[in-house]
Amino acid sequence: MPDRAYVIDNMISAKSIAARIEELCHEIHDEFEDTNKLVVVGLLRGSFVFIADLVRELDLPIEVDFLEASSYGDGMESSREVRILKDLRGAIEGRDVLLVEDIVDTGHTLHHVTNLLKSRGPARLKTIALLDKPTRREVDMKADWTGFEIPDEFVVGYGIDFAQRNRNLPYIGKVRFT
């Protein structure tokens, strides 16, 4: 449990998230409509709710795999050192891949994982992030698709946590310490 008291202010509603996912899935479908199977790779743990909603909305043949990378631990600041905690189960060589990230902050995780996946020879590799904080960027890295651009606020909900709490919120909330 976090040792500081905080409240969560609604930032992006569940309804707004659902509408944006529908829009994004149309764009993803257009990009991958010729695929024989799209490997959707979720970056655990924060992307699991986003990836579930994406794959339910995509009208494409899909395989789902997960990769777990960490640069935060239980803190609020990135360590800038990306560690792979769980690798993919399947091979992606010659396959179409969509990498799903919850939030692009400094860019270190997305950069590291994208380079790792590119080294495995996918036919196409595209990236999508639910949230983007461009003012925090330290690495020149941007997802191909972004759900929402947000200011430099600490957020939770819709799979994103603060010390393993608040992932189950159906919306994105801004953490405000009291």
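The values are calculated or read from the model by the stated rules, or taken from the named source; none is laboratory data. Note that the coordinates shown come from a computational prediction; the quantities given were computed from them, not determined experimentally. Here Cβ is always computed from backbone atoms with ideal geometry, including for glycine, and neighbour counts include all displayed protein chains.
For the subset of the range 77-105 comprising residues that are of a type in the set (Val, Ile, Thr) and farther than 15 Å from Thr146 by Cα, which member is surrounded by the most Cβ atoms within 10 Å (Cβ to Cβ)?
Per the criteria, the residue is Val97.
Does Val113 count as modelled with pLDDT of 95 or more and part of a strand (DSSP E or B)?
Considered against the rule, which asks whether it is modelled with pLDDT of 95 or more and part of a strand (DSSP E or B), Val113 comes out as no.
Write out, first by first residue and then by second, each pair whose Cβ atoms fall under 9 Å of each other, whose residues are 6+ apart or on separate chains, and whose first residue, in the range 59-71, is at pLDDT 95 or above while the second is in a strand (DSSP E or B) and among the small types (Gly, Ala, Ser).
Final answer for the pair search is Val64/Gly42; Asp65/Gly42; Phe66/Gly42; Leu67/Gly42.
Can you say whether Ala129 is surrounded by fewer than 17 Cβ atoms within 10 Å (Cβ to Cβ) and in contact with a Gly (Cβ under 8 Å, 6 or more places away or on another chain), as far as the supplied structure shows?
no
Suppose we filter the range 7-59 for residues that are in a helix (DSSP H, G or I) and not β-branched (Val, Ile, Thr); how many remain?
Adding up the residues that qualify gives 23.
When the residues of the range 106-117 are narrowed to those that are hydrophobic (A, V, I, L, M, F, W, C) and over 12 Å from the mean Cα position of the chain (by Cα), which ends up surrounded by the fewest Cβ atoms within 10 Å (Cβ to Cβ)?
Leu116
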